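See below for the structure under consideration.
The values are calculated or read from the model by the stated rules, or taken from the named source; none is laboratory data. Predicted model only: the values in this text are computed from it and were never measured. Positions of Cβ are backbone-derived with ideal geometry, glycine not excepted, and every protein chain shown enters the neighbour counts.
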């Protein structure tokens, strides 16, 4: 590993947190799909962000930005994520004590 060389995959180079599409707020987990797209559990924004390969502008694919809750479309402190072979997304929604499955559209 060359510690002097790095590539920004998501977020900001200066560590600033936020809720716009190019920022994260306490990301806790990530996953890649076979196309190199990056999925991020953006914990303090109560969402999961998808960053297409090579892009720094994310799209919210689960939860609503900075809106926690317990309905099926809301997350509350999502901490961990994984994808299955069909690209369904599983989210550990820790603030709601549940694991949610979001089917690939």
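Worth a mention:
- Taking first residues from the stretch 67-92 that are farther than 11 Å from residue 48 by Cβ and partners that are at pLDDT below 95 and part of a loop (DSSP other than H, G, I, E, B), the Cβ contacts under 8 Å between residues at least 6 apart in sequence or on separate chains come to 86/104; 87/104; 88/104.
- The stretch 79-104 - residue that is more than 22 Å from residue 36 (Cβ to Cβ) and in contact with a helix residue (DSSP H, G or I) (Cβ under 9 Å, 6 or more places away or on another chain) and, of those, surrounded by the most Cβ atoms within 10 Å (Cβ to Cβ): 94
- A count restricted to the stretch 28-42 and to residues that are surrounded by fewer than 22 Cβ atoms within 10 Å (Cβ to Cβ) and touching a residue at least 12 places away in the same chain (Cβ under 8 Å) stands at 9.
- Failed item in (1) surrounded by 15 or more Cβ atoms within 10 Å (Cβ to Cβ); (2) within 20 Å of residue 101 (Cα to Cα); (3) out of contact with any helix residue (DSSP H, G or I) (no Cβ under 8 Å at 6 or more places or on another chain), with residue 23 passing the rest: (2)
- Any hit, the stretch 26-34, residues being outside any strand (DSSP E or B), over 18 Å from residue 105 (Cα atoms) and under 11 Å from the mean Cα position of the chain (by Cα): yes
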